[in-house]
């Protein structure tokens, strides 16, 4: 199928692809086990259906959560350090203006957002990916605040104490899940973006 | 109202029968949905090896927490106005099944690596120098409540009985068949108290009469109530919840 003339363009660096898929695994375990932990003492007047949770009971969910946190944090560190020092963040996520985000979100809702060149993120994508990274940072720190409210009490204090950290941890999870759902929906709508997350390359737009 | 919700939520996790059934189903159920996608290549009969990895990670987290534990770092203390009322009851049974210990005949038994194993009566314990703290009790379930406990600084008591503080663990056996254990560093922490009073009153049965070891640097289930005996040892003693998969160190 491939002719000699087919031009390929590299759009996702190897480090980004590897950390992305490890992160998928880590987030899936963290969120589903976290929901089971939430159910042990719900902060809000609702529970998560047990069928959607991981761990089977509180102790099992805690074991998954505190095992996968290492994967999440170590993988996240590799990604963030790479993103900063390779120029990946600077080149792909910036510049980013509220006006551009607003415009691209509106266009996306109208189904008019262009995706010819997958190597360039539109402003809606940039905002979403940046928000995911920020959610991750907030989740890690509010998680540390909940886990170690004595030993790391300086972090807990940032969130207004232990109970405040629980609320922030939950809200950051909710925002992250929402963005991930939109992200997956967009992949379903533009399916040719999916193989590029494995191969890292796509045919150059002609 | 809040306390009521907590009791109800506890009941969902506590009943022994449900729990033991749940334990057996733990991985099959747990993996069924959330993790099916990511483990679809694996045979679900690998349950035991997955559990082995999770247990190994829990032991690793014990070591991480012991390393993170700063013996001089104090848990935040609160004013009387911050105390949670009513302070929630919590155990592996319901509040109407609370153990009643006879204070008149009570004696605290000591065993293991302790020089003076003479049992202690309540009047003898009450006559020791007492101190108070208002700290946040954090349950492994997630909820928290602030309470006031008074008693003997545990490190002082350990010194008085000649406990070998170079040993690794202190284990506790309780009147309600509960048992638990803590690391020596935590036992010697200045805020770890052997308490006899809650809110300036002798501990009522539901809060652990005749005594509760109050450890504000650990989760609530690491604070044993109705203590009948304690022993100092170098052999890992485990605990009621710990043996079922809850993390042993469970530090705050």
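The values are calculated or read from the model by the stated rules, or taken from the named source; none is laboratory data. Because the structure is predicted, anything quoted here is derived from the model rather than measured. Because the Cβ atoms are built from the backbone with ideal geometry, glycine has one as well, and the counts that use them run over all protein chains shown.
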Quiz item: Among the residues of the range B:200-209, is any without any contact (Cβ under 8 Å) to a residue 60 or more places away in the chain, part of a strand (DSSP E or B) and crowded, with 17+ Cβ neighbours inside 10 Å?
Solution: no
Exercise. Might you let me know whether the range B:174-190 holds any residue that is within 14 Å of another protein chain (Cβ to nearest Cβ), surrounded by 23 or more Cβ atoms within 10 Å (Cβ to Cβ), in contact (Cβ under 8 Å) with a residue 60 or more places away in the chain and part of a strand (DSSP E or B)?
Key: no
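A quick yes/no check of all residues on (1) touching a helix residue (DSSP H, G or I) at 6+ places or on another chain (Cβ under 8 Å); (2) in a strand (DSSP E or B):
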| site | (1), (2) |
| --- | --- |
| B:99 | yes, no |
| B:105 | no, no |
| B:110 | no, yes |
| B:118 | no, no |
| B:132 | no, yes |
| B:140 | yes, no |
| B:146 | yes, yes |
Quiz item: For residues in the range B:121-146 being more than 14 Å from chain A (Cβ to nearest Cβ) and crowded, with 18+ Cβ neighbours inside 10 Å, which is nearest to residue B:221 (Cα to Cα)?
Solution: B:134
Quiz prompt | Filter result for residue B:206 (touching a helix residue (DSSP H, G or I) at 6+ places or on another chain (Cβ under 7 Å) and more than 14 Å from chain A (Cβ to nearest Cβ)) | solution = yes
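Listed residues A:130, A:139; which is over 29 Å from residue B:140 (Cβ atoms), more than 10 Å from chain B (Cβ to nearest Cβ) and in a helix (DSSP H, G or I)? Steps first, answer last, please.
Working: A:139 fails: over 29 Å from residue B:140 (Cβ atoms).
The match here is A:130.
It is to be established whether one or more residues within the range A:52-59 are assigned to a helix (DSSP H, G or I), over 22 Å from the mean Cα position of the chain (by Cα), buried (at least 22 other Cβ atoms within 10 Å of the Cβ) and within 7 Å of chain B (Cβ to nearest Cβ).
There is at least one residue in the range A:52-59 that is assigned to a helix (DSSP H, G or I), over 22 Å from the mean Cα position of the chain (by Cα), buried (at least 22 other Cβ atoms within 10 Å of the Cβ) and within 7 Å of chain B (Cβ to nearest Cβ).
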Quiz prompt | Lone unmet requirement of (1) farther than 17 Å from residue B:228 by Cβ; (2) more than 21 Å from the chain's Cα centre (by Cα) for residue B:102 | solution = (1)
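Taking residue A:103 as the residue in question, decide whether it is more than 26 Å from residue A:143 (Cβ to Cβ), in contact (Cβ under 8 Å) with a residue 12 or more places away in the chain and in a helix (DSSP H, G or I).
Numbers: more than 26 Å from residue A:143 (Cβ to Cβ): yes; in contact (Cβ under 8 Å) with a residue 12 or more places away in the chain: yes; in a helix (DSSP H, G or I): yes.
Considered against the rule, which asks whether it is more than 26 Å from residue A:143 (Cβ to Cβ), in contact (Cβ under 8 Å) with a residue 12 or more places away in the chain and in a helix (DSSP H, G or I), residue A:103 comes out as yes.
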Quiz item: Which one is farthest from the chain's Cα centre (by Cα) among residues in the range A:62-74 that are buried (at least 20 other Cβ atoms within 10 Å of the Cβ) and more than 8 Å from chain B (Cβ to nearest Cβ)?
Solution: A:65
Quiz item: Out of the range B:31-63, which residues are at pLDDT 85 or above and over 19 Å from the mean Cα position of the chain (by Cα)?
Solution: B:48, B:49, B:50, B:51, B:52, B:53, B:54, B:55, B:56, B:57, B:60
Quiz item: Among the residues of the range B:75-83, is there at least one that is assigned to a loop (DSSP other than H, G, I, E, B), within 14 Å of chain A (Cβ to nearest Cβ), within 23 Å of residue B:165 (Cα to Cα) and within 20 Å of the chain's Cα centre (by Cα)?
Solution: yes
Quiz item: What number of residues in the range B:218-244 are within 12 Å of residue B:179 (Cβ to Cβ), over 10 Å from the mean Cα position of the chain (by Cα) and more than 14 Å from chain A (Cβ to nearest Cβ)?
Solution: 7
Quiz item: When the residues of the range A:26-51 are filtered to those that are outside any helix (DSSP H, G or I) and more than 17 Å from residue A:165 (Cα to Cα), which remaining residue is farthest from the other protein chains (Cβ to nearest Cβ)?
Solution: A:46
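Limited to the range A:171-185, what total is found for residues that are more than 14 Å from chain B (Cβ to nearest Cβ) and surrounded by fewer than 17 Cβ atoms within 10 Å (Cβ to Cβ)? Before the answer, list the steps.
Start the filter on the range A:171-185 by keeping residues that are more than 14 Å from chain B (Cβ to nearest Cβ), which leaves A:171-172, A:174-176, A:178-179, A:181-183, A:185.
Checking the rest, the ones that are also surrounded by fewer than 17 Cβ atoms within 10 Å (Cβ to Cβ) come to A:171, A:174-175, A:178-179, A:181-183, A:185.
The total comes to 9.
Say whether the condition of being within 14 Å of chain B (Cβ to nearest Cβ) and surrounded by fewer than 14 Cβ atoms within 10 Å (Cβ to Cβ) is met by at least one residue in the range A:104-122. Outline the logic, then answer.
First pass over the range A:104-122, keeping only residues within 14 Å of chain B (Cβ to nearest Cβ): none.
No.
Among A:168, A:150, which is the only one that is within 14 Å of chain B (Cβ to nearest Cβ) and part of a loop (DSSP other than H, G, I, E, B)? Quick ask: steps written out before the conclusion?
Working: A:168 fails: part of a loop (DSSP other than H, G, I, E, B).
Going through A:168, A:150 in turn, the sole match is A:150.
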Practice problem: Could you figure out which of (1) modelled with pLDDT under 50; (2) part of a helix (DSSP H, G or I); (3) more than 8 Å from chain A (Cβ to nearest Cβ); (4) surrounded by 14 or more Cβ atoms within 10 Å (Cβ to Cβ) isn't true of residue B:27? | Solution: (3)
